[in-house]
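Scroll down for the structure; my scribbles are underneath it.
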Amino acid sequence: MGFDASHSQFEKQCRQLESRIRKAGKKENSFCVLNKIDKVGDKQRLLPMIQFMHQLQLFSEVIPISAKKSDGLELLLKEIRERLVEGPRFYEDDDLTDRPEHFLASELIRES
């Protein structure tokens, strides 16, 4: 779940979603993304936000990022990759598309 760290009512916003998040269930393998950390200004203001999220005990981890400045995105992608579970294949290795041949033929004709 993501939260806007620059929002003036950050804690109120979190509290409003707290009951919904708790109903969702499992905390393990979940994480909170604090976005827009570049708009927070003084980085000293960021630490209490992270501590607040930890105290709520809703997520196993809190990840601060700035999507605009690409700050923290590598960590976020790493955490997502670690949590993804490999599932069954939907298509064979040699399948190029899920569309039938007649659709591809009509697209080629239309393109010409």
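The values are calculated or read from the model by the stated rules, or taken from the named source; none is laboratory data. A quick note: this is a predicted structure, and the numbers were derived from the prediction, not measured. A quick note on method: Cβ atoms are made from the backbone with ideal geometry, for glycine too, and the neighbour counts reach across all protein chains shown. In case anyone asks, the SASA skips ligands and DNA or RNA and just uses the protein heavy atoms, side chains included. Shrake-Rupley method; radii C 1.70, N 1.55, O 1.52, S 1.80 Å.
What the table below lists for this structure:
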item: Between the range 1-79 and the range 80-100, the alpha-carbon center distance in angstrom; result: 30
item: Correct choice for Rg and Dmax of the Cα atoms in Å that was computed from the model, options (1) 13.0, 39; (2) 19.5, 64; (3) 20.9, 62; result: (3)
item: Heavy-atom SASA rank of Leu104, Leu73 (probe 1.4 Å, accessible area, largest first); result: Leu104, Leu73
item: Amide hydrogen neighbours beyond the local backbone of Ala67, cut-off 5 Å, H modeled; result: Lys36, Ile37
item: Peptides ranked, highest mean first, by Cβ atoms within 10 Å: ranges 56-66, 81-91; result: 56-66, 81-91
item: Estimated translational D of the range 44-93 in µm²/s (Stokes, Kirkwood radius over Cα pairs; 37 °C; 0.692 mPa s); result: 244
item: Options Cys14, Leu34, Tyr91, ranked by Cα towards positive dipole end of the chain, top entry (Cβ charges); result: Cys14
item: Built amide H within the under 5 Å cut-off of Phe3, gap 5+; result: Val33, Leu34, Asn35
item: The chain: antiparallel DSSP beta bridges as a percent of all, rounded to 5; result: 10
item: Lysine-lysine proximity count for the chain, Cα under 16 Å, sequence distance 8 or more or distinct chains; result: 5
item: Debye, to nearest 20: dipole size of the chain, +1 on Lys, Arg Cβ, -1 on Asp, Glu Cβ; result: 1080
item: HN-Hα J in Hz across the range 68-82 - Karplus 6.51, -1.76, 1.60, θ = phi - 60°, x for Gly and Pro; result: 5, 9, 6, 8, x, 5, 5, 4, 4, 4, 4, 5, 5, 4, 5
